[in-house]
Amino acid sequence: MRKIIDIEALVHWTLGDQGVAREFGEEAYGAGYAASAWEPIERLAQLGTLVDGRGGSRFGSGDIHRDALLVGDAIRSMEPDARGMVICYGITGGRPSWDYRPELRAVIGANGKPALIRERVKGLRGWRDDVVGCELELRPSIEVTREAWARYQAWWMGLAYLQALLKGRLAEHEATGPRAPFEPWIGTGAEALVRVVFAERVAGGDRVGNEEHRRTA
């Protein structure tokens with residue numbers, strides 16, 4: 001009888017417990033894998049675990065489970081970017097970071113204090129500059145947050161594709177899932193804030209690029 005196992009756990013078992021990660025060279029990750037600013041650091045930390053990986057070479061001791069070899073072959077057949085995501089996070093059993101919890105924060109000026117917004121008003125003693133609020137910005141930016149969410153979904157879809165590749169092919173395992181949620185940020189304050197900010201920028205005709213979203217309060 002086949003063992004039912006989530007595809008995420010199966011990949012971790014294959015690459016970590018069975019040591020199949022040793023079979024993959026640098027080219028297995030794909031040229032475009034380190035596409036984000038934090039990825040090289042995250043990847044270096046995770047690949048460091050290969051030193052203590054268990055299992056031998058598939059061409060050596062022959063101790064690797066036959067299903068692990070089949071999973072390794074399926075991973076190897078994936079397109080480079082998806083393969084890199086599956087391998088990197090499969091080694092340690094981790095997941096791409098997505099919970100950045102963006103929030104509106106005061107813009108700090110060159111003097112180290114919040115940037116105040118003043119408005120020219122006329123009073124009993126003439127014109128004066130009144131403070132009407134301070135400048136705010138979304139941190140992390142909407143671009144950083146949406147990139148993190150896109151990376152998480154790319155990892156999830158890579159696992160889903162791998163699960164489909166392995167359906168009915170394993171001798172002692174049956175891969176299911178991914179059990180991980182596709183959009184774990186749904187229903188969080190971060191998701192609601194990003195949606196509102198993004199909608200305001202599009203409605204206002206702003207270019208959704210590298211600039212920061214700014215408001216006043």
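The values are calculated or read from the model by the stated rules, or taken from the named source; none is laboratory data. Remember, it's a predicted structure, so these values are computed and weren't measured experimentally. Positions of Cβ are generated from backbone atoms using ideal geometry, with glycine treated the same way; all protein chains shown enter the neighbour counts. For the accessible areas, the whole protein counts, side chains as well, though only heavy atoms, and no ligand, DNA or RNA atoms are used. Shrake-Rupley method; radii C 1.70, N 1.55, O 1.52, S 1.80 Å.
Assorted remarks:
- Translational D in µm²/s for region 75-181 (Stokes-Einstein at 20 °C, 1.002 mPa s, Kirkwood Rh from C-alpha pairs): 117 µm²/s
- Tensor-based shape of region 118-193 (alpha-carbon gyration tensor, a/c under 1.5 rounded, otherwise prolate or oblate): prolate
- Listed by chain and number, the lysines placed with their C-alpha closer than 24 angstrom to that of Lys167 are Lys3; residues fewer than eight positions away on the same chain are left out.
- For region 58-192, the fraction of 1.4 Å probe accessible surface lying on carbon and sulfur atoms is 51 percent.
- Packing rank of 113-119, 79-85, where each peptide gets the mean count of other beta carbons within 10 Å, highest leading: 79-85, 113-119
- Per residue, the convex hull spanned by the Cα atoms of region 61-123 measures out at 203 cubic angstrom.
- Under 30 Å from Lys113, Cα to Cα: lysines that are on another chain or at least 8 residues apart: Lys122
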